[in-house]
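All remarks here apply to the structure that follows.
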Amino acid sequence: MSAIPNILIVESRFYPEIADQLLGGATAALKTAGASFEVIEVPGAMEIPAAINFAVAGSGGYDGFVALGCVIRGETTHYDQVCKQCFEGLRSLSLEHALAIGSGVLTVENRDQAMARAAQDQKNKGAEAARACLELIGLKDRLGLSADQ
């Protein structure tokens, strides 16, 4: 990466205390790497791919994206649909637009599992997603792809 990468973090605020932890990990990792970033909020995990698509269609000039959120299994099959739609949307965007997307969307059985994965330590999934995004940006650079490819 020759220039300072510009990252858009899209965070679902459905579970605010988990979102705060994931965002803290992601922003700390990006600051450590010297990246610039902007944060936008969406209501839930299903809205994350749409927000990234809006950013791609707009003129944000982002080099990569970090998706943050949490889906906790409930009593109905809604969990399965939200997870499927979110990850299929991220996958589709990544492949169709050659986007560097780091996913820190947790899919867990309960709140305790979510908090363990959002804890502010080296295994914080928000931080892992930010580092994955930066690695993908570096890979695109090595392969000769510009930020808008």
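Starting from 0.36 nm per residue, how many nanometres of slack lie between Arg142 and Asp121 once their C-alpha separation is accounted for? Walk me through the intermediate numbers first.
On the way: separation 21, 0.36 × 21 = 7.56 nm, distance 2.99 nm.
The span from Arg142 to Asp121 would gain 4.6 nm if fully extended.
Within 10 Å, Cβ to Cβ, of Glu41, how many net charges do the neighbouring residues add up to if Lys/Arg are +1 and Asp/Glu are -1?
Numbers: positive: Arg13; negative: Glu11, Glu47.
In short, -1.
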Computed from the coordinates I sent, log10 I(q)/I(0) by the Debye sum over Cα atoms at q = 0.09, 0.15, 0.19, 0.21 Å⁻¹ equals one of (i) -0.28, -0.82, -1.29, -1.49; (ii) -0.25, -0.69, -1.09, -1.29; (iii) -0.24, -0.69, -1.16, -1.44. Tell me the label. (ii)
Simple spin-label model, 7 Å along Cα-to-Cβ: Gln113 to Tyr79 in nm? 0.6 nm
Among Ser12, Ser92, which comes first, then next, by fewest other beta-carbon atoms within 10 Å? Ser92, Ser12
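Using the crude model of +1 on Lys and Arg Cβ and -1 on Asp and Glu Cβ, and no other charge, please compute the dipole size for the chain relative to its Cα centre, in debye to 20.
Values: 12 positive and 18 negative charges, 57 e Å.
Charge dipole of the chain: 280 debye, to the nearest 20.
Fewest to most neighbouring Cβ within 10 Å: what's the order for Arg91, Arg117?
On the way: Arg91 13, Arg117 21.
Neighbour counts put them in this order, fewest first: Arg91, Arg117.
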Counting pairs on different chains as well as pairs 8 or more places apart, how many Lys pairs in the range 6-142 have Cα atoms under 21 Å apart? 4
Among Leu68, Leu143, Tyr15, which residue has its Cα positioned farthest towards the positive end of the charge dipole of the chain, with +1 placed on the Cβ of Lys and Arg, -1 on the Cβ of Asp and Glu, and the dipole taken about the Cα centre? Leu143
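Every number here is computed from the coordinates shown, using simple stated rules; none is lab data. Bear in mind the structure is a predicted one, so any value in this text is a computation, not a measurement. Here Cβ is always computed from backbone atoms with ideal geometry, including for glycine, and neighbour counts include all displayed protein chains.
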